[in-house]
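Q: Okay, here's the structure, questions in a sec.
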Amino acid sequence: MLLGAACASWAGLAFSRGVMTKSVARGTFEVTLKPVAGADNSIGSLSIDKVLQGDLQGTSVGQMLAVRTRVAGSAGYVAMERFTGSLAGHHGSFVLQHSGTMTGGSATAVITVIPDSGEDGLKGLQGALTISQPGGLHHYEFDYALPASP
């Protein structure tokens, strides 16, 4: 199971730019990872294509770098992905930054919205996302804040 952890400082950040509306989005997604040609064999490079359902409706594309060590169950990855679609009736796009490690088969990840990456109806979006895989199906929970509507 891969779990993302929200940064402790995120809660304070969510209200640092004026009045924000905080909420939680939940749903599922399908992901396709494909090796990128010409990548260094010691550091895997993968393209990311996702289709998200639930409170986030849309698609996501990105790139991942990953390394598996010689010790079984130990690895690390970083990734950037751009989501395009809708969130709570707001249409637009934003970028997520991932950083994850696995030690002894236990995984942790931090997945956050890159500040000021929100566009169109998602401008000003802040948040952190967690991923779980119960029964092999990918689930997300997205703690987020958007500027309050006037």
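Q: Quickly work out the Ile114-to-Leu65 label distance, labels modelled 7 Å from Cα along the C-beta direction, and quote it in nm with one decimal.
A: Those two pseudo-labels are separated by 1.4 nm.
Q: Given +1 on the Cβ of Lys and Arg, -1 on the Cβ of Asp and Glu, and no further charges, what dipole in debye does region 65-150 carry about its Cα centre, rounded to the nearest 20?
A: Computed about the Cα centre, the dipole is about 360 debye.
Q: Defining a contact as two alpha carbons under 8 Å apart and six or more residues distant in sequence, what relative contact order in percent does region 10-147 show?
A: Normalised by residue count, the contact order of region 10-147 is 23 percent.
Q: Moving to a separate point now. When only alpha-carbon atoms are used, what values of Rg and Dmax, in angstrom, describe region 77-136?
A: Over region 77-136's Cα set, Rg and Dmax evaluate to 13.4, 42 Å.
Q: How do the peptides 62-68, 110-116, 99-105, 18-24 rank, highest first, by the average count of neighbouring beta carbon atoms within 10 Å per residue?
A: Answer by packing, highest mean first, reads 110-116, 62-68, 99-105, 18-24.
Q: Hey, of [x] 23, 17, 15; [y] 28, 16, 14; [z] 32, 17, 15, which did the structure itself give for semi-axes √(5λ) of the Cα gyration tensor in Å when calculated?
A: Looking at semi-axes √(5λ) of the Cα gyration tensor in Å for this model, the match is [y].
Q: Sticking with this one: Straight-line reach from Lys22: which aspartates and glutamates fall under 12 Å, measuring Cα to Cα and dropping same-chain residues less than 8 apart?
A: Asp143
Where a number appears in this text, it was derived from the coordinates with a stated rule and is not lab data. Because the structure is predicted, anything quoted here is derived from the model rather than measured. Using ideal geometry, Cβ is built from the backbone for each residue, glycine included, and neighbour counts are taken over all protein chains shown.
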